[in-house]
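For reference, the structure is listed below as structure tokens.
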Amino acid sequence: MEQADLRELESKCIQEEAPKCVAACPLHVDARTFCSFMAQRRWDKAWQVLAKTMPLPGVLARLCEGLCRVDCVRKDAGGSIEMGLLERFCAENAKPVASPRPLPSRGKSVAVLGGGMTGLCGAWEMARRGFNVTLHCAILGEDLPELPEGVLDNELASLEKLGVVISSGEALTPDVLSSFVDEKDAVFIDSACVPSDCLSDLGKPDSLTLGTTKIGVFASRLNEKSAVLQAAAGRRVANSIERFTQGVSMVTGRELEGPYESRLFTSLEKIDSLPLVESEDGYSEENARDEAKRCIQCECLECVKGCEYLRHYKYYPKVYARQIYNNESIVMGTRQANTMINSCTLCGQCEVLCPEDFSMADVCLAARQNMVERGKMPPSAHEFALRDMAFADGEKCVLHRHAPGESTSEYLFFPGCQLTASDPEGVEAAYADLHERLGSVGLMLHCCGAPAEWSGRHRMFEESMAVLKKKWKDLGSPRIIAACPTCLKTLRQGLSDAEIVSHWSILRAVGLPSGVASKECTLAVNDPCAARHDTILREDVRVLLDQLHVDMTEPEYNGELAQCCGYGGLLSEANPELGMAVAEVRAKGADEDFVTYCIMCRDMIAKTGKRAMHLYDLLYPRRDDPGARPSPGYPARRENRVHLREKLLRDVWRQDETHVAEPYESIEFAVTDHAARIMEERRILKSDIQKVLLQLDQSGKQLVNNETGHFLTSFRPVVVTYWVEYESTENGYLVHNTWCHRMKIKGAQS
């Protein structure tokens, strides 16, 4: 990722944009934080927020007209927050704060002419920035309305503590102005409080800089009645004089000085309408608290609300993009950042939710590809998934045939490697149904290559797709019927010249399988994330469910907003704990049993203990209670693929392939419940343990635990060393524990 790419990404995430009220305020008072403290009855902390931003806070807080109310997001849900009343209450009830401390002297002098709100605030702002300020006026505060006794005096005292030299009762004339122009580095005129003859030769002040035709002389514009806008003019001129005395551009980068449009989006979808807390005589403590509680604390976080992955790392996309950028500069990256990159499900929900279309999926996938190309991808991150993909594409699992007795195929059924691993009976029944009703339907058992793409190995994905394409062409380029939404999406991406349709579209066209019974039940429809942008696919599924007389409910995050089940992007492999947390969030999305048309959604939801079915369970029923069917473990998934291929060859094509067993397959062993759980958690397969025990038979190398009588042996068949704790039995071995690691002791023999 180049720095320009990072800047573009950061600009798309609007979470750090100012709330609309802050952007609309001429002084950019942090109304959100102010209301938060007020809602907690922390009046002193709230006052500190005002005093940090407002010049003459004791005066301005009592005169604020609440210009921010026009842009308050709450206005459409009960009415805008009464900032003016809240500020007045705070000014009356909070403890005074210490006078602000000025910056070190700049060695620059400024004369301020006129003691109205604009002049006083201009003097305040310049004194805080280290200017030597003198204030000259006929009457101090002459354009201010009546204030409680002592309020103005207190702020004038603070002004003097800032170093401002105040001279009141002066007659301001053009000659006085000329003398200050000659003596000072800059002059500011509060136009509302000086005689008109002092302004006659200066021309109309520039709206951006408030500069006049006389170099070094700045003036406020006449007829401004708003106290807050007058104060903002004082701040604007302070900014201009600072630039003028530094000799830098007077106009560059000043777009956000006054009120501006904020890009921050805040949804009102779940915000209850609450009426204003009204009071004719000012707020009581309870009134002030309750009105401040109406503030919805505007922020975006639309993507974070719907994504457990983004919530887990406790930030938002702009921060993640920066972390990923920084991680690329480290030789092998950091473990935490690498895990974060590999934990995105790549589902695309964030892009749909984001008002600016920010896609964490694109960022994380690009980072993975970069890590792979530079040799920085942690070897263990996706190893098991890629080994499983290779197994699914191996000779024990793949099959590509025309229908029995056919030399051509009009259609080619592509169920996908996960459906064959989890529900081989459903695949067999679906193929039989398609063959019976459509005639010349071939079959291809193969992985679509999604794991390679998800892991950032684009070259591997392209190679896998090239193999698929050749096999498809060898079968005469038939129309592909895909059962898995991920396969449907991936094949359309990789086989652009193929006509690919979903199994559900076919069933909608030809009708339900014969003999399928009406279900008369209520189920929650789970849309897989792969179907996010496939409206037709989602509609086809609902038509079929309606024909089955299923009453459907919809989780909040479904359709285009569908949450991932925790399998997508290989999350469940790279970060199993987070994968289960994501699955649990999805499972809690509805009270009813789930029905879905992605087998991994069904299996991941089932792992949480939630009842879930695949649509095949309704269309091709084979068991009494499919909702209670457990998710098969990794060894069973591999065996299911192998046995399905053997069964189809035997029963459909009448071909009995003789399976040549590997030597390790003769090893018999049983496992304790603990060992079975460990095997599943650590992705240790039955074949891995068989290889270790075969090596034991051949070498006799083992360790013994004298306390338990258990033995320990190990073997490194690939880049991973497997350890097995076992005891010998009459029927072979009983495995008590197992683990694996990638470490290899330097100098140790294989």
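Bear in mind that the values in this text are calculations on the coordinates, not laboratory data. Because the structure is predicted, anything quoted here is derived from the model rather than measured. Using ideal geometry, Cβ is built from the backbone for each residue, glycine included, and neighbour counts are taken over all protein chains shown.
Taking the inverse of the mean 1/r over every pair of distinct Cα atoms in segment 420-578 gives a Kirkwood hydrodynamic radius of 17.3 Å. For the cross-link pairs Lys270/Lys314; Lys396/Lys691; Lys270/Lys519, the ones whose C-alpha atoms lie over 24 Å apart are Lys270/Lys519. Relative to its residue count, segment 302-381 spans a Cα convex hull of 82 Å³ per residue. Expressed as a fraction of 2.2 N^0.38 Å, the value expected for a compact globular protein of N residues, the C-alpha radius of gyration of segment 165-267 is 1.21. Legend: P(r) of the chain from all alpha carbon pair distances, 10 Å bins from 0, whole percents, reading 2, 12, 17, 16, 14, 11, 10, 9, 6, 3, 1, 0. For segment 6-96, taking Cα atoms only, Rg and Dmax work out to 14.2, 47 Å respectively.
Computed from the C-beta positions of Lys471 and Ile330, the FRET efficiency with R₀ = 45 Å rounds to 0.60.
Summing charges over all other residues whose Cβ lies under 9 Å from the Cβ of Gly115, with Lys and Arg as +1 and Asp and Glu as -1, gives -3. Computed over segment 663-741, the percent of Cα pairs more than 16 Å apart is 45.
Of the GluC sites (Glu not before Pro) found in segment 38-118, those in coil by DSSP whose Cβ has at most 14 other Cβ atoms within 10 Å are Glu65.
Based on the Kirkwood approach, the hydrodynamic radius assigned to segment 210-255 is 11.4 Å, with every pair of different Cα atoms included. Per-residue ellipticity at 222 nm computed for the chain from its helices equals -12500 deg cm²/dmol, with DSSP H segments shorter than 4 residues left out and the rest contributing -39,500 (n - 2.57). Derived value for segment 109-246: Kirkwood hydrodynamic radius 14.5 Å. Basis is the mean of 1/r over every pair of different alpha-carbon atoms. Using the structure shown, list the pairs from Lys376/Lys470; Lys471/Lys647; Lys108/Lys214 with a Cα-Cα distance above 29 Å, or answer none. From Lys376/Lys470; Lys471/Lys647; Lys108/Lys214, over 29 Å: Lys376/Lys470.
Quick one: dipole size for segment 663-741, taken about the Cα centre, charges +1 on Lys/Arg Cβ and -1 on Asp/Glu Cβ, in debye to the nearest 20. With only Lys, Arg, Asp and Glu charged at Cβ, the dipole is about 360 debye. Peptides 485-495, 250-260 ranked from most to least packed, by the mean per-residue count of other Cβ atoms within 10 Å: 485-495, 250-260. Which lysines, on any chain, are close to Lys469 with Cα under 17 Å apart, when same-chain ones fewer than 8 places away are left out? Qualifying lysines at Cα under 17 Å: Lys489.
If you plug the beta carbon distance of Ile139 and Ile271 into 1/(1 + (r/R0)^6) with R0 = 60 Å, you get a FRET efficiency near 0.80.
Modelled label positions at Ser99 and Glu646, each set 7 Å beyond Cα in the direction of Cβ, lie 9.2 nm from each other. Where Rh is the Kirkwood radius over the Cα pairs of segment 251-307, the temperature 37 °C and the viscosity 0.692 mPa s, what D in µm²/s does Stokes-Einstein return? Approximately 220 µm²/s, per Stokes-Einstein.
When the scattering of segment 676-715 is computed by the Debye formula from its Cα atoms alone, each counted once and equally, what is log10 I(q)/I(0) at q = 0.36 Å⁻¹? Result of the Debye calculation: -1.04.
If you add up the charges near Val541, with Lys and Arg at +1 and Asp and Glu at -1, over every other residue whose beta carbon is less than 11 angstrom from its beta carbon, what do you get? Result for the local shell: -2. For segment 493-552, the equivalent ellipsoid derived from the Cα gyration tensor has semi-axes of 24, 15, 7 Å, listed largest first.
Sorting the segments 584-591, 116-123 by their mean number of nearby beta carbons within 10 angstrom, highest to lowest, gives 116-123, 584-591.
Between Lys12 and Asn223, the contour length at 0.36 nm per residue exceeds the Cα-Cα span by 72.0 nm.
Note on the chain: with charges restricted to the Cβ of Lys and Arg (+1) and Asp and Glu (-1), its dipole about the Cα centre is near 2100 debye. Taking amide H as placed 1.01 Å from N in the peptide plane, the amide H of Val720 sits under 5 Å from none that are at least 5 places away or on another chain. With a Förster radius of 56 Å applied to the C-beta separation of Glu577 and Trp653, the computed FRET efficiency comes to 0.80. Measuring from a point 7 Å past the Cα of Lys744 along Cα-to-C-beta, which residues in segment 720-738 have an amide N at less than 13 Å? Under 13 Å, as judged by backbone N against the label point of Lys744, lie 720-722 of segment 720-738.
The Rg/Rh ratio for segment 374-440 is 1.14, where Rg is the radius of gyration of the alpha carbons and Rh is the Kirkwood radius.
Spin-label pair Thr173-Gln3: with each label point 7 Å from Cα along the Cα-Cβ axis, the two points sit 5.8 nm from one another. Excluding residues on the same chain fewer than 8 positions from Lys225, give the lysines whose Cα lies under 19 Å from its Cα. Those lysines meeting the cut-off are Lys204. Every Cα-Cα pair in segment 41-85 was counted, and those over 14 Å apart are 56% of them. Here segment 338-417 has an Rg and Dmax of 18.7, 55 Å, counting Cα atoms alone.
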